[in-house]
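Some notes on the structure that comes next.
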Amino acid sequence: MSDKIKAHMDICKFLNNIYEAKNEDYGDRFGKARGLIPNYTLGKLYDKFSRYMNLSLRDNRQVEDETIEDTLLDLANYCIMEVMERRLENEND
């Protein structure tokens, strides 16, 4: 297995662990909100993308523990969650 394939697998496992922990702590907030608010996912992606842009373009950040990597991982997880919700909807139709 190449180093990049292993790195990708490690990131996906990490994202799954985050998803599991947050669902345990907060419940299925994403799925519920998505069902109530049109374009909920688009709003979440826009927020994370805006954060990524701000973190990338600003030199003097006030919040030091907020990293670009964390924001990118959040973006990835929201995309995965949207695909998951769409697939579940199609299965139930």
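Here are a few things to note about the model shown:
- The numbered conditions (1) farther than 19 Å from H8 by Cβ; (2) modelled with pLDDT under 95 are all true for I68 except (1).
- The range 1-16 residues that are farther than 11 Å from N77 by Cα, paired with ones that are in a helix (DSSP H, G or I) and of a type outside the set (G, A, S) (beta carbon under 9 Å, 6 or more apart): M1/M9
- Answer residue from the range 8-23, given it is surrounded by 11 or more Cβ atoms within 10 Å (Cβ to Cβ) and among the aliphatic types (A, V, I, L, M) and is farthest from Y40 (Cα to Cα) among those: M9
- Residues of the range 24-51 satisfying the condition of being surrounded by 12 or more Cβ atoms within 10 Å (Cβ to Cβ) and of a type in the set (F, W, Y): F30, Y40, F49
The values are calculated or read from the model by the stated rules, or taken from the named source; none is laboratory data. What you are looking at is a predicted structure, and each value in this text was computed from that prediction instead of being measured. Cβ sites come from the backbone with ideal geometry, for glycine too, and all protein chains shown count toward neighbours.
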